[in-house]
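Asks: Please see the structure below; I have some questions.
The values are calculated or read from the model by the stated rules, or taken from the named source; none is laboratory data. Keep in mind that what you see is a predicted model, and the values were worked out from it rather than measured. Note: ideal-geometry Cβ built from the backbone for every residue, glycine included; neighbour counts use all protein chains shown. Side chains included, ligands, DNA and RNA excluded: accessible areas come from the protein's heavy atoms. Shrake-Rupley method; radii C 1.70, N 1.55, O 1.52, S 1.80 Å.
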Amino acid sequence: SSGINAEWPLRPGSPTEKLIRELREENAKLMHMLGGSGIPDVAMIAEASTEVSEEEKEKMRKEIEDELRAQMMQNHMELEDSEKSASQKLQEMEKAMEEERKKKQSDTEKRHKKPYLWNLNEDPALSGVVCHLIERTKVLIGKGEKCQVRLQGLSIMDEHALIEVDKQLIYITVRENAKVTLNGDPLTTRTELHHNDRILFSAGHVYVVHHPYQFKKANKAGKTFEPVTWDVVQTEIAEKSGFDVDRKGKSPEELLLQEDLISLMPMVNEANAISVELDKKKLFEIVLVAPQARGLSKGRTEVMVKISDLIHNNSWLWDRNKFINRKYKMLEMYQGYVDEDADWDLPQDIDPFYETVASHVLIGQAQIHLKCLTYLIGFEESVIITDYQAQERGYLQVNIVPLKQDETPIEDDDDDYFVEEPNELIGKNMKYKFIIVGAKGLPQKISNDVYCEFKLYLEDSPNETDHINSKNPDWNWSKVFSHSPVTEQLLEYLNEEVLIVKVWGKQRLEDDSKVNKLTTKELKSLNEKEKLTSYMKKMEGAGGGFDMATTVRKIELMHQMVTKKEKSTDCDSALIP
């Protein structure tokens, strides 16, 4: 016997259990052979040859027995080592479990006395899993080896922040170039921390402060703290960024918009952090796009993501699904970079950060009111082209000419075509020519391959002008529309609906030698300074503040104002003499 408990519990099917079983089986066979059943090799030799003497046979038998005994001894030693190894592993595991139990018990006791940070996660089951005790008067946070709290991930600096404990006060200081957000506000100076404060380190690490002294004091005073969740933190960040997150009095569509906004914000922050880490020279921003800006006369405002090329100053709009799909590919790309994969930087055709200037972008849309046609009166107007932010992007010259059945224009003084009430047209035939003359003052940056498109009434496919390279394109495009006969549905459409004409173009690719050598981080900083300058000019021009919290409402109102301006044009005055 080896002295080791033969019934030692081993995990069935484990490599150790299999090895021990095989060694025992082999030794049993060897014992059986040495116990008198004869050695097969010698018996076979004896049968095959009559010339081998008894002395030689005995010598051969002894050599084979010696080999068998040596093999048994080797197996026996390996068996003891395996059983001993299994025993030691179990003892070490039990010891580690006991130490972990004691540590948890110790940490639990310390949490009643020491401050600590506990994590928040989008998955509630993973919140509170990580806990960092603040046991020193100074605790360094970052990814460096000197840090007492080690964080890994996007844009985490070697030394990211410093937490200091001074008796019953706790302070946090941000290291140079590190990004820390406290309760939704960017942190720049040494700041005191309080119980339940929310800290966002870079783009992905969210922690909540537990301040034992303040917690006990509040409990004695009967004060309670609101629970802190992932959604609470993201809503707070959205609100501090200027978005309206108040749920009171909101319609279901507005609440859905809020949810989309809050869920996208951490993803956009993450995409920006990856762009900085990989130096992709791209910036991602959340934008709110009204239905009119998407070519719809009705609908709800949607959350989209604007991607900007910080080198060439080009930009594109991605819908929510496209951005989310691209963001997951960005994460895969970043993981390859972290793993030092030689092929982490993907070719352009599959690079999730890449967008081509060869694709058309929406310059803006013009809203055309067709009510004049219900009186067979023409329309000739330069209509404002507005972008998704309701900013003016140029003017579109549109003419609408009512026609007789032979397609000659209806004259102003032709009494045969005078309409007193639109219902008089029901059952009759209507023809008119829709003319897109051209556009003026389009952005120089988006003046390649410019064209217009629109769908009128029940059309399945859009009408499209020629494609022209110019900021002042002259299309002189026209089409005759015929309705035979006029119906109540058609009159309702002409009277109530707005025709959306979309203006598309391709962006110019322009290099700026001054910024080519800047990093993504430097380019972002430059971009923020330019935006701040623009913002200050807006404030000066407005003579007051600029309330970002009403962004959605302002965009919708500005689109409505454009609509009302066009709609308020009297039918008679629409005729240019």
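Asks: Kindly state, to the nearest 0.05, the FRET efficiency for His76 paired with Leu509, given R0 = 51 Å and r defined as their beta-carbon distance.
Replies: Efficiency for this residue pair is about 0.05.
Asks: Once you put a point 7 Å from the Cα of Lys62 and another 7 Å from the Cα of Val480, both along the Cβ direction, what distance in nm separates them?
Replies: Rounded to a tenth, the inter-label distance reads 12.4 nm.
Asks: A further question on this structure: Once you place label points 7 Å from the Cα toward the Cβ at Glu99 and Asp466, how far apart are they in nm?
Replies: 8.2
Asks: Sequence gap at least 6, Cα distance under 8 Å: using those rules, report the relative contact order of segment 179-324 to the nearest whole percent.
Replies: Answer for segment 179-324 is 15 percent.
Asks: How compact and how long is segment 141-210, expressed as Rg and Dmax of its alpha-carbon atoms in Å?
Replies: 11.3, 33
Asks: Also, quick follow-up: Any chance you could look up the accessible area of Arg69 with a 1.4 Å probe, heavy atoms only, rounded to 10 Å²?
Replies: Counting only protein heavy atoms, Arg69 exposes about 130 Å² to solvent.
Asks: Whose amide H sits under 5 Å from the amide H of Gly438, counting only residues 5 or more places off or on another chain, with H placed in the peptide plane?
Replies: Gln397, Trp475, Asn476
Asks: In sequence order, what are the phi-derived ³J(HN,Hα) couplings for segment 182-197 according to the Karplus relation 6.51 cos²θ - 1.76 cosθ + 1.60 with θ = phi - 60°, rounded to whole Hz, with x for glycine and proline?
Replies: Going residue by residue, I get 10, 6, x, 9, x, 9, 10, 10, 4, 9, 6, 9, 10, 4, 6, 4 Hz, with x marking Gly and Pro.
Asks: Give the carbon-plus-sulfur fraction of the accessible surface of segment 283-362 in %, rounded to a whole number; probe 1.4 Å, heavy atoms of protein chains only.
Replies: Its accessible area is 45 percent carbon and sulfur atoms.
Asks: Quickly work out the Asn325-to-Val130 label distance, labels modelled 7 Å from Cα along the C-beta direction, and quote it in nm with one decimal.
Replies: Placing both labels 7 Å along Cα→Cβ, they lie 3.1 nm apart.
Asks: Quick one: if the Förster radius is 22 Å, what FRET efficiency do Gln489 and Asn429 give, using the C-beta to C-beta distance and rounding to 0.05?
Replies: After rounding to 0.05, the efficiency reads 0.90.
Asks: At a probe radius of 1.4 Å, what is the per-residue accessible area of Trp477, in Å² to the nearest 10?
Replies: 40
Asks: Consider a paramagnetic label point 7 Å from the Cα of Ala221 along Cα→Cβ; state which residues of segment 164-196 have an amide N under 12 Å from it.
Replies: Taking a point 7 Å out along Cα→Cβ of Ala221, the residues of segment 164-196 whose backbone N falls under 12 Å are 195.
Asks: Expressed as cubic angstrom per residue, what is the convex hull volume of the alpha carbon set of segment 195-260?
Replies: Spelled out: Cα convex hull of segment 195-260, divided by residues, is 111 Å³.
Asks: Roll a 1.4 angstrom probe over the protein heavy atoms and tell me the percent of accessible area of segment 419-512 that is carbon or sulfur.
Replies: After summing per-atom areas, the C and S share lands at 41 percent.
Asks: Could I ask something else about it? In whole Hz, what ³J(HN,Hα) sequence does segment 469-477 give by Karplus (6.51, -1.76, 1.60; θ = phi - 60°), x for Gly and Pro?
Replies: 8, 5, 7, 10, x, 10, 8, 6, 8
Asks: Right, here's the next one. If R0 is 41 Å, what FRET efficiency do you get for Leu256 and Glu109 from their C-beta distance, rounded to 0.05?
Replies: For Leu256 and Glu109, the calculated efficiency is 0.35.
Asks: Rolling a 1.4 angstrom probe over the protein heavy atoms, how many square angstrom per residue are accessible across segment 408-450?
Replies: Details: 2430 Å² over 43 residues.
Here the per-residue accessible area is 56 Å².
Asks: Counting only protein heavy atoms, what percent of the accessible surface of segment 152-222 is carbon or sulfur at a 1.4 Å probe?
Replies: Roughly 49 percent of what the probe reaches on segment 152-222 is carbon or sulfur.
Asks: Let me ask you something else. Rank these residues by their accessible area, most exposed first, probe 1.4 Å: Glu92, Glu55, Glu522.
Replies: Result, largest first: Glu55, Glu92, Glu522.
Asks: Another question about this same structure. Report ³J(HN,Hα) in whole Hz for each residue of segment 441-446, in order, from the Karplus equation J = 6.51 cos²θ - 1.76 cosθ + 1.60 where θ = phi - 60°; Gly and Pro get x.
Replies: The phi angles translate into x, 5, x, 4, 5, 10 Hz.
Asks: Which loop trypsin sites (Lys or Arg not before Pro) in segment 446-527, with loop taken from DSSP, have no more than 16 other Cβ atoms within 10 angstrom of their Cβ?
Replies: Passing sites in segment 446-527 are Lys455, Arg508, Lys514, Lys517.
Asks: Rounded to the nearest whole Å², what accessible area per residue is found for segment 183-316 with the 1.4 Å probe?
Replies: Accessible area per residue, segment 183-316: 45 Å².
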